[in-house]
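Heads up: the structure comes next, in structure tokens.
The values are calculated or read from the model by the stated rules, or taken from the named source; none is laboratory data. Everything quoted here is computed from the prediction, not taken from an experiment. Don't worry about glycine lacking a Cβ; one is built from the backbone with ideal geometry, like all the others, and counts go over all protein chains shown.
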Amino acid sequence: MDKIIMLGTGNGVAMNLYNTCFVIQNDIGNFLVDTGGSIEIIKRLNEVGIDFKEIHNIFISHSHTDHVLGLIWLFRKISLVIKMGETIEPINIYCNDVAYNSIKEILKYFFPIKFIELIDSLVNYIVLDDGDKYSINGINYTFFDIKAKSTKQFGFECILNNKKLLFLGDETLNPVLYDRFKRFDYVMHEAFCLDSEEKIYHAFLKKHSTTKSVSEV
Ligand SMILES: [Zn+2]
């Protein structure tokens with residue numbers, strides 16, 4: 001049975017929630033979708049019974065801090081474990097070219113060359129093009145560009161337990177995608193707030209959506 005385990009549902013500057021990220025889990029393994037923005041990713045994984053050392057497939061939807069920086073903390077924890085003599089299986093990271101470049105730049109500016117070499121020896125980056133298909137833990141994923149107005153962002157479609165799932169990231173939905181929605185049983189999208197709260201939080205100004213605006217599509 002395939003499961004979606006939410007690790008966080010907070011927005012990019014949430015104080016009391018962890019940033020939005022989740023795991024798709026089955027008998028074969030764990031597929032981490034985004035990493036949040038801090039070392040709390042390790043704690044959140046622990047809380048749902050997942051050892052960070054057992055994550056071998058990661059998708060980064062886009063290069064915003066609250067989706068990508070948790071990855072750096074995962075790298076730090078992994079490097080410590082390796083220094084203590086443990087062996088870690090290779091990690092596949094699926095992301096678009098902008099996210100890939102941002103990960104590499106962060107590593108370049110904040111970490112010594114030895115650390116970068118160690119991570120490079122462990123990580124296999126799969127730089128995604130629109131429409132690329134990969135099988136991860138026995139599940140077929142099609143990754144696609146959500147045509148975001150800010151930084152380049154990818155979502156994916158897949159079938160979990162015979163139901164079609166569409167994951168659309170966190171930006172205001174682009175109307176060019178509306179036709180795609182019709183073919184799915186479940187659509188996951190990170191809405192910013194309730195429609196009634198729009199006047200307080202200004203979701204659209206922040207290039208996000210309200211729950212009502214998404215569900216009406
Ligand atoms: Zn974002």
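Picking from residues in the range 42-73 that are touching a Phe, Trp or Tyr at 6+ places or on another chain (Cβ under 6 Å) and either part of a helix (DSSP H, G or I) or of a type in the set (A, V, I, L, M, F, W, C) (or both), the one that is surrounded by the most Cβ atoms within 10 Å (Cβ to Cβ) is Phe59.
Of all positions in the range 130-140, none carries a residue that is modelled with pLDDT under 95, more than 18 Å from Phe22 (Cα to Cα) and not polar (S, T, N, Q). The condition (being closer than 28 Å to Ala148 by Cα and small (Gly, Ala, Ser)) is satisfied by just one residue among Gly37, Gly85: Gly37. For the range 152-179, which residues satisfy the criterion of being in contact (Cβ under 8 Å) with a residue 12 or more places away in the chain and farther than 23 Å from Lys3 by Cα? Across the range 152-179, the qualifying residues are Lys152, Gln153, Glu171, Thr172, Leu173, Asn174, Val176, Leu177, Tyr178. Among the residues of the range 89-102, some residue qualifies, meaning at least one is more than 17 Å from the chain's Cα centre (by Cα) and either surrounded by 15 or more Cβ atoms within 10 Å (Cβ to Cβ) or away from the ligand (no atom under 16 Å from the Cβ) (or both). Contact annotation: residue pairs with Cβ atoms under 8 Å, 6 or more positions apart or on different chains, pairing a residue in the range 49-65 that is touching a residue at least 24 places away in the same chain (Cβ under 8 Å) and away from the ligand (no atom under 16 Å from the Cβ) with a partner that is among the β-branched types (Val, Ile, Thr) and in a loop (DSSP other than H, G, I, E, B), are Lys53/Ile88; Ile58/Thr35. Does any residue of the range 143-156 turn out to be away from the ligand (no atom under 16 Å from the Cβ) and more than 14 Å from the chain's Cα centre (by Cα)? Looking for residues that are away from the ligand (no atom under 16 Å from the Cβ) and more than 14 Å from the chain's Cα centre (by Cα), one finds none in the range 143-156, hence no.
Looking only at the range 14-22, decide whether some residue is more than 16 Å from Phe75 (Cα to Cα), under 14 Å from the mean Cα position of the chain (by Cα) and either away from the ligand (no atom under 16 Å from the Cβ) or in a helix (DSSP H, G or I) (or both). The answer is no, given that none of the residues of the range 14-22 is more than 16 Å from Phe75 (Cα to Cα), under 14 Å from the mean Cα position of the chain (by Cα) and either away from the ligand (no atom under 16 Å from the Cβ) or in a helix (DSSP H, G or I) (or both).
Give all pairs with beta carbons closer than 7 Å in which a residue from the range 189-214 that is within 20 Å of Gly8 (Cα to Cα) and touching a residue at least 60 places away in the same chain (Cβ under 8 Å) meets a residue that is in a helix (DSSP H, G or I) and hydroxyl-bearing (Ser, Thr, Tyr); count only pairs at least 6 apart in sequence or on separate chains. Cβ pairs passing all conditions: Phe192/Tyr201. Checking each residue of the range 76-85 against the condition of being more than 16 Å from the ligand (Cβ to nearest atom), touching a Leu at 6+ places or on another chain (Cβ under 7 Å) and closer than 22 Å to Asp129 by Cα gives no match. Restricted to the range 168-217, and to residues there that are over 24 Å from Lys152 (Cβ atoms), hydroxyl-bearing (Ser, Thr, Tyr) and surrounded by 15 or more Cβ atoms within 10 Å (Cβ to Cβ), the residue that is nearest to the chain's Cα centre (by Cα) is Thr211. The set of residues from the range 23-40 being in a loop (DSSP other than H, G, I, E, B) and charged (D, E, K, R) comprises Asp27, Asp34.
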